[in-house]
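The values are calculated or read from the model by the stated rules, or taken from the named source; none is laboratory data. Source: prediction; values computed, not measured. Note that we place each Cβ from the backbone using ideal geometry, even for glycine, and neighbour counts take in every protein chain shown. When the accessible area is computed, the model is the full protein with side chains, heavy atoms only, and any ligands, DNA or RNA have been set aside. Shrake-Rupley method; radii C 1.70, N 1.55, O 1.52, S 1.80 Å.
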Amino acid sequence: MQNDKFAAPPAGFTSAPPQPGYPQPEPAQTYPQPGYPPQGYPQPGGYPQPGYPQPGFVQQGNPPQFYGQGQPPPPVHNYGVMPPHHPPHQDGTTTVVPPTGCFSRNQRNKPQSNAVGAAGLIFISGGMNIAWCIGFRGPIFYSSTLHNYIAWFIAAIIGAVISCFLTNRIPKKFILLFSALLVTIGGVVMGAIRDNGGAVVAASYLDGIGNGLVFAPFVALAGEVSVPYMRGMVTASLEQMCFCIGIFLQIIYTSSWTYSPYTSSSSFTAENLKGILSAIYGLLALGFGAFMCIESPVITLAKGDEPGAIDALRRLQRPYTLTNDTYEQLAEHKRYLAHNKDISTSQSIMQALPAFLRLTYLRAMNALSISYFVIIVLTVAILSNYRGGSATGWLVGFAICRWIGNFISTFIMESVGRKKPLLLGLLVCSCLAFAIGSKYSLYYGMSGVTILLLIFQVFAGMAFVSTSPYLSEAYPLGVKQHFIAFTFIAEMIVFIIVSSARFNIYDGANYFYVVGGLYLFGFLAGIFCLPETRLTTLRGAQEKFNGFINRSF
């Protein structure tokens, strides 16, 4: 962690004056050096001049101005103003107004999701392995133990622990390429083996370590490369959505797979297909990661490479030219670094603990919503009510419902925020969990339990998507990747505990009563403890997570 000390911002730069909104224009004499743009040219840093649009707005009939079209950009080492040692506090929570037009906004910021998209392919493979571990797998022709089914979770923890020691020491692109290679090798092993439990465990370890290695660095990177009005969708699409797609695919093909009565141990099985798909995702991640991954401009700036940070910001928006928005983002990153520079490691840990407790609780609830016990109850309900005749349809419906919840929450996050879908999902899931517990009875039938479980998955998928942007925003910069990794480790531990526990099929209702109570507590606590960070800068979101009480919506 001592390696995360960040240098002070370069001299010759300042943040905006401490007043609401965007800063006022600087006088012409603030550009005393030769080569600076003449009066009326759009000013770097996002300072508005008469006749030019302010950053974050699209004005009718006034196209954005670009550097590099006829005139050279100003030198990057100085912007004509002097830096304060302490940025104004109130500017950190300034709401950023997004440009109008959903399509144009997405196209303009597409490179931001592309920069982390290769990690999403690795997470799809991870989602398939999670679904395999919790019970969505075909017939197994080899002797297996509990270790076979929790090996991926153990490996993911190992990878997350290793990633803590690599923080800001190795470029994220190299970590991504190494992880993609591990996933590819693991997929090849899984696709090639026949009736070999040891090889399955080895493949699970390779895939799990690859997922654990990239989780913390790329969740943090997704928040740092995104503009404030796209951060929620980029981070949610990267993490929760990709894991959910992997779970979806695994459920679809394993539940639809038909086995002949004469199937032997040498036949091509669903496990082999999972390995082939994982190998494909790993190879695609290698290709996309090599060409599209962009390092964090925040970390690049912290290392003193200001031209590199400007170039990264230029490549993160279309068209790939320097604009006034580029320098406005650079200014905000400098304020973010200055805000974290004077915080010691111990102070960063103390500030991170309240957010860690809240997010760990939510991620644990996410694990409980799609655990091994839930799959057992779903299977029992299908067999009890439908004698297994339509099991494929119900299992496919289960996968679709989970994906629909994720999809809805991901694409409404930047319009309604993070907090409202999360609280709505927790409240409805709590009610549904109590209803499932009350209807669970092997003696009197389990009428309605299957449908309730499918609806439960819709709202569970909706609830926990918000944890992805929260992870990228909540923690101080010096310990951000470490605490993201710790949160991920806690979630994996919950998966291991539930998978290792002995499930009493006659007392299955108790599990849902407990889950319903935990969800209800999460809903009530979330009203008073979770902040709303939509359209805020990283610095503003970090400030909102300080302390436990935050009732803003």
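Some observations on this one:
- Derived scalar couplings between HN and Hα for region 123-129 equal 5, 4, 4, x, x, 4, 5 Hz in order, rounded to whole Hz, by the Karplus curve 6.51 cos²θ - 1.76 cosθ + 1.60 (θ = phi - 60°), x for Gly and Pro.
- Length-normalised contact order for region 145-277 - Cα pairs under 8 Å, 6+ apart - percent: 35
- Extension gain, Cys102 back to Leu146 (0.36 nm per residue minus Cα-Cα distance, nm): 11.1 nm
- Summing charges over neighbours of Ser552, with a neighbour being any other residue whose Cβ is under 15 Å away from its Cβ, gives +4 when K and R count +1 and D and E count -1.
- ³J(HN,Hα), Karplus 6.51/-1.76/1.60, whole Hz, each residue of region 302-318, x for Gly, Pro: 5, 7, x, 9, 5, x, x, 5, 5, 5, 5, 5, 4, 7, 8, 9, 9
- Across region 464-472, computed HN-Hα scalar couplings (Karplus, 6.51 cos²θ - 1.76 cosθ + 1.60, θ = phi - 60°) run 9, 4, 5, 5, 5, x, 4, 4, 6 Hz from first to last residue, x flagging Gly and Pro.
- Computed over Cα pairs, the Kirkwood radius of region 326-483 leads via Stokes-Einstein (1.567 mPa s, 4 °C) to a diffusion coefficient of 72 µm² per second.
- Heavy-atom accessible area for Phe136, with the other protein chains in place and a 1.4 Å probe, reaches approximately 10 Å².
- Under 29 Å from Lys110, Cα to Cα: lysines that are on another chain or at least 8 residues apart: Lys172, Lys173, Lys303, Lys334, Lys419, Lys420, Lys480, Lys544
- Here region 295-353 is treated as a sphere whose radius is the Kirkwood value from Cα pairs; by Stokes-Einstein at 20 °C and 1.002 mPa s it diffuses with a coefficient of 173 µm²/s.
- Size of region 412-535 as Cα extents on the principal axes (Å, biggest first): 55, 33, 22
- Where the alpha-carbon atoms of region 213-274 are placed on the principal axes, they occupy 57, 22, 10 Å, in descending order.
- Potential extension, Ser256-Lys110 segment - 0.36 nm per residue separation minus Cα distance: 49.1 nm
- Residues with amide H under 5 Å from that of Thr323, placed H, sequence gap 5 or more: Tyr67
- The fraction of accessible area contributed by carbon and sulfur in region 262-415 is 68 percent, rounded to a whole number (1.4 Å probe; ligands and nucleic acids excluded).
- In region 266-314, trypsin sites (Lys or Arg not before Pro) in a DSSP loop with at most 15 other beta-carbon atoms within 10 Å: Lys303
- Average projected area [Cα convex hull, region 147-265], square nanometres: 8.8
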